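Have a look at the structure below before the remarks.
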Amino acid sequence: MSQSRYCPQCGLPVPAGERFCANCGARMSEQSSPVVPAPPPPFTPVPSPPLAASSRAMGKIVLFVVIGLIGLLVVSGGIWLVLMNRPTTTATTATVTATPRQAATATPLPTATPVAGVAGQPTPLGAAVLARTSQAQTVQAQALLAPTQTAQAQVLLAPTQTAQAIEAEVSALFANSRRVFYDEFVDNRNAWFTGVFQEIELDLIEDGVFKVLWTGRGTSYELYELSAFTNFIAEVDCHIARGGGDGSCSLVFSQRRDVGMYKFEFFIDYYRLFTVPAEGELVTLAEGDPRLFTTIGGVNRLRVIKQGDRIRLFINGVLVGDLRDATFASGRIGVSTTCYREEGGVEVHFDNFGIWSLPDV
C-alpha cells in the first residue's frame with residue numbers, strides 16, 4: 001500500500017509521487033511527512049434551558065394567572081356585596097283610597113250591651129270613646145270616607161265621581177220617587193210618644209222640633225209604623241244640643257221585630273253604619289269622622305238611600321258611604337237617640353223627617 005500525503009495548503013490527500021496538489025496546486029515538499037487530518041469537531045448541541053429555570057418561568061406564569069383570577073374574584077365579589085347590601089326601593093303611589101281606620105282593625109268595636117229603650121233593642125256602649133279616638137279618613141274632593149268591609153258588605157267607592165254628579169243623581173232619584181211621609185214637627189199630628197220614659201228620657205215636641213232629653217244612659221227609637229220599605233230615601237235633620245260626644249242621633253231602617261235593623265249613627269266627631277240583630281253581635285259596615293263637612297253644635301242632615309242591597313249614606317249632602325249588604329232586605333224606618341253617659345246630660349233635636357219610596361231595582 002502506497003503512503004499518501006496530505007496537502008499542507010488544503011489538507012486533502014495527495015498521492016505519493018505527486019509534486020503538486022491536484023486540488024489547490026500547492027507544491028508538495030519532498031520532506032513532507034504524512035499529515036493525519038484532524039478529525040472534524042465533535043457535534044455540540046445547543047444547550048437546553050436548565051429544568052430549574054424553566055420551572056421558575058412556568059411558576060411565574062401560573063402565579064400571574066392565579067393572581068389575575070383572584071383579582072377578578074375579589075372585584076366580582078365586591079360588586080355582588082354592593083348589590084346585595086343596596087337598600088331596596090319600592091315605588092309607592094300616593095293615592096287617596098278608601099281604607100278602614102286603624103282602630104277598627106286593631107281593636108274590635110264594642111259588643112252589644114242591652115239598654116232599655118222604646119223599641120227594646122240592644123245598644124253598644126262605649127261608642128263615645130271610639131268617637132274621641134277615631135281617625136279622620138276623608139277624600140276632600142268628594143269626602144268619600146272609607147267604610148269597613150265585612151263578609152256581608154262589599155264597598156263600592158267611586159273616587160272619580162264628582163260631587164256634582166252625585167248631586168245630580170240624587171236629584172234624579174228624588175224626581176222619580178214618591179213621598180210617603182214628612183214631618184216638620186210643628187205639632188204632634190203624627191202622634192209621636194211624648195212624656196217621660198223609664199225615668200231617664202223626656203220626649204217633647206216644641207219650638208218646631210222633636211226633643212229628646214236624657215238624665216241617664218239609654219237608647220230610644222221612634223218608628224214610622226204604617227209601611228215597610230225596600231227601596232227608599234230617608235232623611236232627617238239632627239242637632240246634638242247638649243252632651244257632645246256622649247250623645248248621638250240616628251236613622252234606623254229595614255227594622256223588623258225579632259229580626260233586626262240597620263242603624264246609621266251620627267256623633268259630632270264620628271259616624272257609623274252597623275247592623276243590630278235581634279240576637280247576636282253588632283256588625284259595623286261603615287264608619288268615619290264627619291268633622292270636615294259638619295257643623296259642631298249645629299244642625300246636620302242625615303240621609304240614607306237604599307236600592308236593593310245597595311246602601312248609600314250622606315251627611316249634609318256629602319256621600320260618606322257606598323256599600324252593598326243584604327242582611328236586612330226591608331222593614332220600617334225611624335229615628336233614634338242614644339245617651340252614653342251614666343248621669344245623662346244629653347239633648348238631641350230632630351226636624352224635617354221624611355221618607356220617599358223608590359221604584360224597585
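Residue-by-condition table, conditions (1) more than 22 Å from VAL361 (Cα to Cα); (2) in contact with a Cys (Cβ under 7 Å, 6 or more places away or on another chain); (3) in a strand (DSSP E or B):
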position: GLU225; (1), (2), (3): yes, no, yes
position: ALA234; (1), (2), (3): no, no, yes
position: HIS239; (1), (2), (3): yes, no, yes
position: GLY245; (1), (2), (3): yes, no, no
position: CYS249; (1), (2), (3): yes, yes, yes
position: GLN255; (1), (2), (3): no, no, yes
position: ASP258; (1), (2), (3): yes, no, no
position: MET261; (1), (2), (3): no, no, yes
position: PHE264; (1), (2), (3): yes, no, yes
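Those strands (runs of 3 or more DSSP E) of the stretch 281-343 in which 3 or more residues are of a type in the set (Ser, Thr, Tyr) occupy 331-339. Annotation note: Cβ proximity below 7 Å between a residue of the stretch 345-360 that is on the phi < 0 side of the Ramachandran plot and modelled with pLDDT of 95 or more and a residue that is outside any strand (DSSP E or B) and of a type in the set (Ser, Thr, Tyr) (sequence gap 6+ or interchain) occurs for TRP356/SER177; SER357/SER177; LEU358/SER177. Listed by position, the strands (runs of 3 or more DSSP E) inside the stretch 114-217 whose residues that are modelled with pLDDT of 95 or more and in contact with a strand residue (DSSP E or B) (Cβ under 6 Å, 6 or more places away or on another chain) number at least 1 are 178-183, 195-197, 201-206, 209-214.
Quick grid of which residues meet (1) surrounded by fewer than 17 Cβ atoms within 10 Å (Cβ to Cβ); (2) closer than 13 Å to ASP351 by Cα; (3) of a type in the set (Lys, Arg):
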{"site": "ARG178", "(1), (2), (3)": "yes, no, yes"}
{"site": "TYR182", "(1), (2), (3)": "yes, yes, no"}
{"site": "ASP203", "(1), (2), (3)": "no, no, no"}
{"site": "LEU213", "(1), (2), (3)": "no, no, no"}
{"site": "TYR221", "(1), (2), (3)": "no, no, no"}
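The values are calculated or read from the model by the stated rules, or taken from the named source; none is laboratory data. Not measured: the values here are computed from a predicted model. Here Cβ is always computed from backbone atoms with ideal geometry, including for glycine, and neighbour counts include all displayed protein chains.
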